[in-house]
There are 2 protein chains.
Amino acid sequence: MSPLPRLEGIAPDTATVGPGGHLLVGGCDVVDVALRYGTPIYLYDEATIRARARAFREAVGGYPARAAVQYAAKAYCAPWLLRVMAEEGMGLDVVSGGELQVAAGVDFPRERISFHGNNKTGEELELALRERVGRVVIDNLDEIDRLATQAAERGTRQAVLLRVNPAVAARTHEHLQTGAADSKFGLSLSSDDAATGVGMIAERSSLDFRGLHFHIGSQIGEIEPYREALDRAFRFARGLRDRGLPLRELSPGGGYRVRYLPSDTPVDTVAMAHEVAKMVVEIAERHGFAGAVPDLSIEPGRALVASAGLAVYRVGSVKAVPGGRTYVAVDGGMADNIRPTAYGAEYTAVLANRMTHAAEATFAIAGRYCESGDILIREVRLPRPRPGDLVAIPASGAYHLAMASNYNLAPRPAVVVVADGVARLVRRRETYADLVATEV
Amino acid sequence: MSPLPRLEGIAPDTATVGPGGHLLVGGCDVVDVALRYGTPIYLYDEATIRARARAFREAVGGYPARAAVQYAAKAYCAPWLLRVMAEEGMGLDVVSGGELQVAAGVDFPRERISFHGNNKTGEELELALRERVGRVVIDNLDEIDRLATQAAERGTRQAVLLRVNPAVAARTHEHLQTGAADSKFGLSLSSDDAATGVGMIAERSSLDFRGLHFHIGSQIGEIEPYREALDRAFRFARGLRDRGLPLRELSPGGGYRVRYLPSDTPVDTVAMAHEVAKMVVEIAERHGFAGAVPDLSIEPGRALVASAGLAVYRVGSVKAVPGGRTYVAVDGGMADNIRPTAYGAEYTAVLANRMTHAAEATFAIAGRYCESGDILIREVRLPRPRPGDLVAIPASGAYHLAMASNYNLAPRPAVVVVADGVARLVRRRETYADLVATEV
């Protein structure tokens, strides 16, 4: 139970109100952190991340075979974060050479790493083989031959999963729906493609076919789409078994919905993961896999880190448009958080330096970038903000910094990890020199 | 007239087909450039940029007072590009300390620089004053006091324009419509706000009120919205004149539409600028400003650089989804070009290594990023692509690299300027080390 009940599951678990009506996270005064390191700044609450990681591991703890929780690094990939995930016994999904390099840099246990992606380059496959990642998740037929050849040249045998597309349309934003029939990801279960793929993998002695992966989308709040997808995957696996190819591993991805707004339906993502794991057993048994249920990986990204992150901005100006909104302009915006512009994502906010003041009216939080669409929040009730106030936006831990740009040549924000009353700078703010570092 | 008539005004002016059916730009073989510098890569054709700059300057050449063409650097800001703009006699709009630093780094003539932005920080205003930029374009009341105080402390007098909002709704994407009544930018002409702002500026001896700026949006293909906005601005200026505040300068912004697709209506942006300039004179005279027409700035961004830029990707895999699209996966995508994901922007493409092959079918160009929405082009007719082919996407010069991220920890692309048969690397590809350079 969060000390800020309205923000339960949205703000970090440790968020509370301290002396002077300041927001505290991880025992640190957010106002102090902002003064010390400047704004905009992102805070991550280590306790929230560790608590989520443990809860997800517990959620699949009763699974009758091996069950792993893989953090999907695309939500946010930083050395300090991967260290925390490794310490918590998590596995890791990477989708690029860059993410794999960061993982290798903190010596993330390689056997717990899966390499995903719909278009891995030759260099990236080479890196995956050299680093001996646990699994390569093959996306398409072109990749099978490429990986098999490269593995053979290195004299290694690579364990692989095949990404399949179960053609399940989960209710979510079209951009986030990855398992619909017409998707760039995976091989279709509705045609011969997936079977062809498994056959091609099985023929290559440098590849070790372990099983299937699918991912049906993001921000999914209901369990039914997983049931449908699992049913299709096991029906397919039955056919494979008849060809002598047992399903040893199965990954039904992640995509569990998180809350961004107090008005969002509360959703227990950990309970969802538990339900998915139970469902795997039940559907496996129904398809005759009793006693041979595959090892399981679930792959949450956003659900592990979104609520741990807090974006903090300083108010520069307040402008009431006659007959329109009152715009509160802050010193960040679409360059550090593209989600409102790109996906119409909605957020809430608090004034970190005036937590005990009552809301007075509805305001729009405008970014500083030269674009009309750069509005972080269209409507939020707040005490009347003044220049100098700190606007804190919770649920900022996933897909903000991961997608941050230098639009308008703005330096990307600093990042601070807070834990037990200590704020630790883990990423320094970019400088103007950084912005032109690659110019020749 | 482009040697590739279908791509007139979309591809660089110098684009043509060379030996072996390869695409040539600036006399350089695009296939060679991609081999030498890798993919994804962005090529800029210097001749196209210079031709556009000259055409815009000519378009306002007959204006009866001083007329400047200011490049809006937010479209793309790089040292080499600002050097070209300076050489062509252009002015410059910057919107951040970062852009101003780059301009200062190439010693862009400061008096030709205007500093815009809806939320300039104190540090940025300080930088603008220290660098003695020609104009600061004030956005809101909070800024007036701040700038006046900072200028007074430095003992300087800063020439300023006031950004006003004429409340004209131009037909364009909502995100790109900046002059609508309810906008975060400028002070409203429909209320007393703008008059209050001018009054506040006039009272401060450290500020020198020169005139007004407005910007009604982007990708505007019709002239009427400018007429309406100009009429409102001059009506307002009449009131100012009666208070003894002459309108010495006027900037009706930019926002001229460019073509992205062969099916887009051809639009002569330079002719639009010419029409806008003529219209300023006509409306000025109608409002009694004959003999005292203000100096003029027009501020194109996209129209100067979009068609000069070409994005080049390599095909990794081709996947036909049963009953769906055929996805051609390339090695870039939403991290280097967020516009399709964020704005539904549409593009065309060619195969740079097979320009003489006839189109065979319709394909989707999918990016490499782990997101369903990462589709660069939903439908384009091409010769059947094969792994290794080069997909070149024209009209990539504006708002691609400017908004590029390291999503999925992908290094941002290299940039090459082509001119007279010489390809010059101006921005090296990021390395994995660059990606973690600011991690502490």
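General remarks:
- Averaged over peptide A:359-372, the number of partner chain Cβ atoms lying within 10 Å of each residue's Cβ comes to 5.
- Across peptide B:115-126, the mean count of Cβ atoms from other chains lying within 10 Å of each residue's own Cβ comes to 5.
- Two-site label geometry, A:LYS278 and A:GLU8: point separation in nm, points 7 Å out along Cα→Cβ: 2.1
- Charge tally for B:ARG241 (other residues, Cβ to Cβ under 12 Å; Lys, Arg +1; Asp, Glu -1): +3.
- Centre separation in Å (Cα based) which lies between region B:45-118 and region A:236-304: 55
- Within a Gaussian network of chain A (alpha carbon springs, distance under 10 Å), most fluctuating of A:HIS213, A:HIS400, A:HIS357: A:HIS357
- The residue among A:ALA202, B:ALA34, B:VAL258 whose Cα reaches farthest toward the positive pole of the charge dipole of the protein assembly as shown, with charges on the beta-carbon of Lys, Arg, Asp and Glu, is B:ALA34.
- Point-to-point label distance, B:ASP145-B:ARG238, nm (Cα→Cβ direction, 7 Å offset): 3.4
- Signed unit charges on C-beta, dipole axis of the protein assembly as shown, positive-most listed residue B:ILE375, B:ILE10, B:ALA335: B:ALA335
- Cβ-based net charge around B:GLU360, under 9 Å, with every Lys or Arg adding one and every Asp or Glu removing one: +2
- Classification of chain B by its C-alpha gyration tensor yields a prolate form. The axis ratio a/c (a ≥ b ≥ c) is 1.5 or more, and a/b outweighs b/c.
- When chain B is treated as a Gaussian network with alpha carbon springs shorter than 10 Å, the biggest mean-square fluctuation among B:ALA395, B:ALA233, B:ALA361 belongs to B:ALA361.
- Largest-first ordering by accessible area, 1.4 Å probe, given options B:THR196, A:THR341, A:THR326: B:THR196, A:THR326, A:THR341
- Lys, Arg +1 and Asp, Glu -1 on Cβ, resulting dipole of the protein assembly as shown about Cα centre, debye, nearest 20: 100
- Dipole magnitude for region A:1-78: computed about the Cα centre from +1 point charges on Lys and Arg Cβ and -1 point charges on Asp and Glu Cβ, it is near 380 debye.
- Per-pair calculated FRET efficiency, R0 = 56 Å: B:LEU35 and A:ARG286 via Cβ, rounded to 0.05: 0.55
- The residues A:SER405, B:SER190, sorted by heavy-atom accessible surface at 1.4 Å with ligands and nucleic acids left out, run B:SER190, A:SER405 from largest to smallest.
- Springs between Cα atoms under 10 Å define the GNM used for chain A, and in it the highest mean-square fluctuation of A:GLY20, A:GLY211, A:GLY38 occurs at A:GLY20.
- Tensor-based shape of the protein assembly as shown (alpha-carbon gyration tensor, a/c under 1.5 rounded, otherwise prolate or oblate): oblate
- Model label sites at A:GLU360 and B:VAL106, defined 7 Å from Cα along the beta-carbon direction, differ in position by 4.6 nm.
- With R₀ set to 30 Å, the beta-carbon distance separating A:ALA202 from B:ALA320 gives a calculated FRET efficiency near 0.85.
- Estimated purely from DSSP H runs of n ≥ 4, each contributing -39500 (n - 2.57), the mean residue ellipticity at 222 nm for chain B is -8500 deg cm²/dmol once divided by its residues.
- Among B:303-309, B:252-258, the order from most to least packed when residues are scored by Cβ within 10 Å on average: B:303-309, B:252-258
- Each Lys or Arg adds one and each Asp or Glu takes one away; over the other residues whose Cβ falls under 10 Å from the Cβ of B:ALA202, this sums to 0.
- Across chain A, Cα pairs under 8 Å and at least six residues apart give a relative contact order of 20 percent.
The values are calculated or read from the model by the stated rules, or taken from the named source; none is laboratory data. Only a predicted model underlies this, so the values are computations on that prediction, with no experimental measurement involved. Note that we place each Cβ from the backbone using ideal geometry, even for glycine, and neighbour counts take in every protein chain shown. The area values use the complete protein model at the heavy-atom level, side chains included, leaving out ligands, DNA and RNA. Shrake-Rupley method; radii C 1.70, N 1.55, O 1.52, S 1.80 Å.
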